[in-house]
Every structure is written in structure tokens, then in C-alpha cells.
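This report refers to the structure that appears directly beneath it.
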Amino acid sequence: MRPGYLGDLESFIDSSKFEYLEPNSLQEACSILARYKEKAKVIAGGTELIPLIQQGKARPDCLINLKSVPNLQFVEAYSDFGEEGIKIGSGATLFDLGRSAIINEKAAVLAEAINQREFRLNRSRWAYYMATIGGCLFSPERAADIAPALMVLNAKAVRQGIQGWETMSMQDLFTADSKGGVYEILGEIRIPKQQESEVGLAYEKGPAIGDGSSIGVAVFLRLDLKHVDVEEIRIVVGGIGNAPIESREGPAIMTGNPIDDHLIIDAADMAAEEVCGASDSETMERTRELIEEAIRHAIDRSIGDFALGY
């Protein structure tokens, strides 16, 4: 724990009326969650939920703190069943991940997203240090910061339930609980090893508009071996709705075609219109600008100095 945090949390718990539990395993935590259902809330760092409870915006009957569950703070390489990559425990703090050597070397776009994150609800110093990747992904406002980067990295979420483990895509992570009756807890995030050549990854962040969330855009772009045609491009935008949105129409314009300035602009226009839906014109224009900027940066990173002439 960072200095000052433990005392603040204990004082908060002592003054509250809900039941407070510290399970020793994720399976035990899932059992508690299944018993209390929607009346229970789970915290790791608590940087998002505790202020909401203090403001009366959240009233759980039970607060489940994962701090006593061992081995949730790791970030390390893995090699399982022929797949290699990085795995991140759900209790790993964003502060530590943003400074992790393996993240900056193998998944730099995630570090970029983390280091540009915003703290709008809780701006205290302990929130800066204690916010976890698990807690962040289950807060719509904060998920806009890092989820797009995880999605373009093709990351997977591994969740513990009463019956065992389940692995799912990041997109499915944001929709699984909406089906009801699912009482699982995120255990780790897995980022598969990335192809190093002909690939560009970029993340762009825009400030919040009014009272809304800030907008984050992540782009993955892979060129052919001649650095001419776009073989694959993915565009993911966070901050528009409750979950990140991946554009399909924008990438379709560029896929299979040579890099072209007009195509970049058209792709950004189509992607912004697709993900923004009924958003106001200011939000749509800001999103379009961020998407175009992220595409151009991804191109630069995929072909380096050769990109100067496109």
C-alpha cells in the first residue's frame, strides 16, 4: 500500500454501514459475489468506488476487497500452449504498468494510453498511485483511457468464476455482465506477442468535452512487405458510450489499398460517423480529428522515414 492510503480506507470502512469482506482467493470472492448479487461491489484499489459511496451515489450492502488475494499484482512474460506474450494481474496498478520495462518494450501503446489517463472523479494523490487495471476496466469513464489500446493489441481477459476460469476478448468483457447472472471476477489480462515488422500502433487522447468523458483512440495498422498496401487496420474509440467501440466501416476503406492521404481522411470520417452515432457535432469532429491523427502516427511507426512522402 502507498503511504496514507491504508489509514484513509480503514477510516472510511469504520464509518460505513455495509458489510466489509476480504476473501483470500478469487473463487471465495466469486462465492460472496454470487450470494449478494447486485448488492455487492468489488474493489482492488477502490479509487473509483469509494468516492461514489462517500457521495451517496453507490450504496452496496457488501464491499469485497481483493487486497488479501495473493498474486494479482504481477506483470510478466508467458508462454503457454504455443502462445507467447505478456500477462498482467488485475491488481497491478496503472502507475507501475506505465513504468514497466516489459510493457514499454512489448506493448508501448498501452503505456502511452496509461500515461495519458485522466483522473476526473478522484484526483487525490493516492488515486494516482493505487488505481488498478482491473478497476479501471470496469469504470466506463476510465476504461476509455486504456481499453482501446488493449483491444487493438488483441488482449484477452481471464475471469474466475465459481466453476473455474473463462477467457474472453476485451469486447466480450464489456458485455458479459450485462446478460445478468454472471458472477465472475477479472483475474488477469493477456496480451499476445506482437508482430514487430510492418506494424504500427498509435494512441491519441483528447480532452473531455463538457461533462463527458475524454476520448481515446487506438489504431493498429499492418502494411504489406513492400510497405505499400494496407493489409489490416483496426480503429477502436473509447469515451463515446459505456464501452469502447471498434469501427468496421473506416478500416474497410483502407484495407487492401495503398496509403493515400484522401483515403486516410475518408476512413477517419467514416469511423467517426460510425462510432459517434447520435453524438453532437463537436464530439464527432473531435473524434474524427483524433482518429485521423492516430492513423497517421500508426503509418509513421510502421514504415518510419518512408512515411514522409505519403
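The values are calculated or read from the model by the stated rules, or taken from the named source; none is laboratory data. These numbers come from a predicted model, not from an experiment. Here the Cβ positions follow ideal geometry from the backbone for every residue, glycine too, while neighbour counts run over all protein chains shown.
Computed values, structure above
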quantity	calculated
Matching option when the condition is under 15 Å from the mean Cα position of the chain (by Cα), surrounded by 18 or more Cβ atoms within 10 Å (Cβ to Cβ) and touching a residue at least 24 places away in the same chain (Cβ under 8 Å), among Leu72, Leu63, Leu97	Leu97
Complete set of residues in region 193-221 that are more than 20 Å from Glu273 (Cα to Cα), of a type outside the set (Gly, Ala, Ser) and modelled with pLDDT under 95	Lys193, Gln194, Gln195, Glu196, Glu198, Val199, Asp211
Residue among Ala294, Ala271 that is crowded, with 21+ Cβ neighbours inside 10 Å, assigned to a helix (DSSP H, G or I) and free of Cβ contacts under 8 Å to residues at least 40 places away in the same chain	Ala271
Any chance Ile185 is of a type outside the set (S, T, N, Q), at pLDDT 75 or above and under 24 Å from Gly239 (Cβ atoms)	no
Residues satisfying the stated conditions in region 32-59, i.e. surrounded by fewer than 14 Cβ atoms within 10 Å (Cβ to Cβ) and not basic (Lys, Arg)	Glu38, Gln54, Gln55, Gly56
Only listed residue being assigned to a loop (DSSP other than H, G, I, E, B), touching a residue at least 12 places away in the same chain (Cβ under 8 Å) and within 16 Å of Arg286 (Cα to Cα), chosen from Ile235, Ile240, Ile265	Ile240
Qualifying residue in region 299-306 (condition: buried (at least 16 other Cβ atoms within 10 Å of the Cβ), over 28 Å from Thr175 (Cα atoms), of a type in the set (Ser, Thr, Tyr) and not assigned by TED's automatic domain parsing to the domain that holds Met151)	yes
Region 152-166, subset over 19 Å from Thr132 (Cβ atoms) and surrounded by 15 or more Cβ atoms within 10 Å (Cβ to Cβ), residue modelled with the lowest pLDDT	Gly161
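Conditions (1) more than 25 Å from Ser31 (Cα to Cα); (2) of a type outside the set (Asp, Glu); (3) part of a helix (DSSP H, G or I); (4) at pLDDT below 85, marked per residue:
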{"position": "Ile102", "(1), (2), (3), (4)": "yes, yes, yes, no"}
{"position": "Ala111", "(1), (2), (3), (4)": "yes, yes, yes, no"}
{"position": "Trp126", "(1), (2), (3), (4)": "yes, yes, yes, yes"}
{"position": "Gly135", "(1), (2), (3), (4)": "no, yes, yes, no"}
{"position": "Ala143", "(1), (2), (3), (4)": "yes, yes, yes, yes"}
{"position": "Leu150", "(1), (2), (3), (4)": "yes, yes, yes, no"}
{"position": "Met168", "(1), (2), (3), (4)": "no, yes, no, no"}
{"position": "Leu173", "(1), (2), (3), (4)": "no, yes, yes, no"}
